[in-house]
Amino acid sequence: MPSLFDRRRGFKPKNPRSARISQAQKTEPTSNIFSARIEKLSHDGRGVTHHDNGKVVFVEYALPGEVVKARITQSHDRFSEAVIKTVEHASEERQTPPCPYFGECGGCQLQHLSYQKQVKFKQQQVEELIHKNLKDIELPWQQPVAHERYQYGYRRRIRLAIAPRERSAGFRAHQSKAIIKIEQCNVAEKPISDLLKPLQSFLSDYPSIKYLGHIELLLDETNGDRVVALVRVTKPLTEAQHDAWLKFQQQHNLRVIIQDNPVDKPERFSELNDDNGQLPVFGYRVANDTLYYGPNEFIQINRHINARMLETVTNWLALEGHERILELFAGFGNFSAQLGRASHSVLAVEGAKAQVERGTANMKALGINNVQFQEADLSELSTAQRLLGEQFDVLVLDPPRAGAEEVCKQKIAADKILYVSCSPVSLARDLSLLLQQNFTIEKISILDMFAQTSHAETVVLLKKSGNKP
């Protein structure tokens, strides 16, 4: 099969099952070229094989079972990295990436792999990492929280870097700091993707583009879906720049907010034509509720899978209304409202003061009185000991990538733990700690929040199995 992708020259599709593949330079040494069968995928979605010398080689965009001719691009002590020259025998799971930027843009890693196999790959990656810590455990896998319908058009928030010389915006290139100009994004929600082409046209004539830091596009879901542009500037807007953004806002029914950092003053967010001095907030739909969050606050990017995750959590916990729940890493209330309605009470703990205030306001607006938000640093031993020393029936954990190690080291009195993880590595470590406390894994499932990428999220239900003999 001829090479189809050269990052320097562009993409010329010739076969519907071909991915973008890097082409070697004409002067490359033949010792760097080898043929091999791909054994599996690495945690970041690259094909794994072995060179004749036994060294592991990671091959970009290669799939398990394929026979490829590849070129080594970097050689390290314990492994080498390579790109495909030709695919001599393609996998049945190889497909044509629909995105014209795939292979150049660093956002997606798996568009050349069928969706069903993407989900299976993520489950295998999580299982392998858990079994490194818990070798003999049999994991009770449930149906993945995933849907082929939402494999594209799911991101309700994206961040664009600015390329001043090119007078454009885009995403970072694959394994590079270069910025790829994009006029569409297949994984972004449609209103966001549709704005990209007119945004590029706008930036091409924007006065003094060098003072733009980045642009974040998100959906305000307060009343329908309205795109918000958070524009980071490194210098206050001139009148010409202000007028340009105002015209662009009116043309596309946007809400433009300017973010800057005045010298010796706190970060500031200003509405273009209606600045009341207050921090702007955006609507965030969760089931039948609307929560609100501010700039720089974490949200679940994929609203479709987030809704299914909440259904899964509710079904797995099977709350009867009398439970006292401790919710750690609560954010501004993604789980809190549903947990509160189904239980006696919820103590929602979060480390960021702004999100504690936001969560409190969200519960008040929804008329939920049995959810109390509290600010606390959950990485501190004393905090974890104090919180877990109280009597709760259910512990809900939704930590950042670092996980909840300090929490999981403490004696936990709750009978059930619901753990939502965005890092298989920290999940494997924390599960090992929890199983030492005589918890057992009752259910586990993949959450495919980030389709077309190698990123895997997981939800796990643990129950206390009784006292050890």
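Any read-out appearing in this document is the output of simple, stated calculations on the displayed coordinates, not a laboratory observation. Note that this is a predicted model, so its numbers are computed, not measured. Ideal geometry is used to build each Cβ from the backbone, glycine not excepted, and the neighbour counts take in all protein chains shown.
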- [ ] Would you please name the trypsin sites (Lys or Arg not before Pro) within the stretch 61-116 that are DSSP coil residues with at most 10 other C-beta atoms within 10 Å of their C-beta?
- [x] ARG78
Task: Burial ranking of peptide ranges 354-362, 242-250 (average Cβ count within 10 Å, highest at the top) - done: 354-362, 242-250
Open item on the list: Charges on Cβ only, +1 for Lys and Arg, -1 for Asp and Glu, centred on the Cα centroid of the chain; of VAL187, PRO295, TRP316, which one is farthest towards the dipole's positive end?
Closed with: VAL187
- [ ] Give, rounded to the nearest 20 debye, the magnitude of the charge dipole that the stretch 363-409 has about its Cα centre when Lys and Arg contribute +1 at Cβ and Asp and Glu contribute -1 at Cβ.
- [x] 120
Task: Candidate lysines for bridging to LYS135, where Cα separation is under 21 Å - those fewer than 8 sequence places away on the same chain excluded - done: LYS40, LYS120, LYS122, LYS409, LYS443, LYS463, LYS464, LYS468
Open item on the list: Restricting to lysines 8 or more places apart or on different chains, can you count the pairs in the stretch 155-285 with Cα atoms under 26 Å from each other?
Closed with: 17
Open item on the list: Counting only helical runs of four or more DSSP H residues, what would the 222 nm mean residue ellipticity of the chain come to if each run contributes -39,500 (n - 2.57) and the total is spread over all its residues?
Closed with: -7000 deg cm²/dmol
Task: Largest-first principal axis extents of the Cα set of the chain (Å) - done: 70, 70, 40
TODO: Give the shape of the stretch 44-159 as rounded, prolate or oblate, defined through the alpha-carbon gyration tensor: a ≥ b ≥ c are the square roots of its eigenvalues, a/c under 1.5 means rounded, and otherwise the shape is prolate if a/b is larger than b/c and oblate if not.
DONE: oblate
Task: Theoretical gain in end-to-end length, LEU134 to HIS51 [0.36 nm per residue, Cα-Cα removed] - done: 26.9 nm
Task: Most positive-pole-ward Cα, CYS99, THR440, ALA342, against dipole of the chain from beta carbon charges - done: CYS99
Open item on the list: What distance in nm lies between label points placed 7 Å from Cα along the C-beta direction at LYS353 and LYS411?
Closed with: 3.5
Task: Estimated dipole of the chain in Debye, rounded to 20 [Cβ of Lys and Arg +1, of Asp and Glu -1, Cα centre] - done: 1500
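Sorting check: for 154-165, 322-333, which peptide has the highest mean count of neighbouring beta carbons within 10 Å, and how do the rest follow?
Per-residue Cβ counts within 10 Å, averaged per peptide and sorted highest first, yield 322-333, 154-165.
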Task: Residue-wise HN-Hα coupling along the stretch 377-393, computed from phi with Karplus coefficients 6.51, -1.76, 1.60 (Hz; x: Gly, Pro) - done: 8, 7, 8, 8, 4, 4, 5, 4, 4, 5, 5, 7, x, 7, 8, 10, 8
- [ ] Pop a pseudo-label 7 angstrom from the Cα along the beta-carbon direction at both HIS304 and ASP243 and give the gap in nm to one decimal.
- [x] 4.3
Task: Sites matching GluC sites (Glu not before Pro) across the stretch 377-466 that sit in DSSP coil, with at most 11 neighbouring C-beta atoms within 10 Å - done: GLU390
